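The values are calculated or read from the model by the stated rules, or taken from the named source; none is laboratory data. Owing to the predicted nature of the structure, the values given are computational and were not obtained by experimental measurement. Because the Cβ atoms are built from the backbone with ideal geometry, glycine has one as well, and the counts that use them run over all protein chains shown.
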Amino acid sequence: MGGGVCVFRLASLLALGFVLSCVEASLGDIDPRYRTCVRECQTTGITGENIISHCQSKENDTSVGGSWYNQEQIYVQWKQLNCITDCRYFCMMQREGERQSLGLSPVKYHGKWPFLRVSVFQEPLSAALSAMNLLMHFTGWLSFFLLVNYKIPLRPQTKRTYYEYTGLWHIYAILSMNAWFWSSIFHTRDIDLTEKLDYSSAVALLGYLLILSLLRTFNVKDEATRVMFAAPILAFVTTHILYLNFYELDYGWNMKVCVVMAVVQLLSWAIWGGVSQHPSRLKLWTVVFGGALAMLLELYDFPPYMGYADAHSLWHASTIPLTYLWWSFIKDDAEFRTSTLIKKAK
């Protein structure tokens, strides 16, 4: 029980930090010299020694303004660096060079640190680490699938798994891989559509994991009771995603929603691990506390080292080993429940 209290205090600290951080303005994009540079670049197609060919054709500049569903196809936007993106990037690099020569620290532009671009990858390290997390979830899910279907006993009558949460973890795997896929795309190409898909996928995953955590920790096996648990959360998460996509992408409100769902999950898993005396509770607690500590990287943000590695990318890096450990716990839980049910059947 003491572990749960510690998680609650840590999560509360994180929540406060996130709420405070979301109200900070981006100093870079309100800099008059930066704004003048971007405006002139869009007009002339030239900034410093760089010639922006996309600015010569106004029809290419469709990623700014308007609704995301009216914009050109995502693969076109991803492949073609449009006028406004190039102008912002080169003006940002030019302004940061001027600031560095004056001994000033880097500042954020449009909510992001000044990253060095690699080809079409706007945040190459975060994009690569997101892809690594996707791979870790795929390999974790694959090993879980092989375990429950081929390595542990099946029910003799139905040939189905003894583990009551098998299907729920399969859905979790799909949502996790989807979320990390869009995270990788968003860090590669930051446009309105990829941003909304990234946020929506993350919220959907977090909401589903909240449902799954409550079902597992309260040991809910009856289908009707599961629906009662899931329905209100599912309705809220769906409404929230629709709000973000079709009304307003409110970063502050979205962060509060995500933090609350994360806090409830952390408490549920941490307390349940102790109360149930689960044989793999140490793995579970390591993931819970490790995940909470990793989120401190989001709280104590810092500029990218050498133009690539910032706190957010390091947070993505920290989730890779935690994902491996998390799927290891899920497999242990499947074996534990299967063994328990077989013993009861005898």
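Do we have any residue at all in the range 275-283 that's in the same structural domain as Ile233 (by the TED database) and within 15 Å of Leu214 (Cα to Cα)?
Within the range 275-283, one or more residues are in the same structural domain as Ile233 (by the TED database) and within 15 Å of Leu214 (Cα to Cα).
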Going through (1) within 19 Å of Leu168 (Cα to Cα); (2) assigned to a helix (DSSP H, G or I); (3) touching a helix residue (DSSP H, G or I) at 6+ places or on another chain (Cβ under 8 Å) one by one, Ile271 fails only at (1)
Spot the failing condition for Val260; the list is (1) surrounded by 17 or more Cβ atoms within 10 Å (Cβ to Cβ); (2) part of a helix (DSSP H, G or I), and only one is missed. (1)
Without any contact (Cβ under 8 Å) to a residue 60 or more places away in the chain, acidic (Asp, Glu) and closer than 24 Å to Ile330 by Cβ, is that true of Asp222? yes
Is it fair to say Leu210 is within 22 Å of Met255 (Cβ to Cβ) and modelled with pLDDT of 95 or more? yes
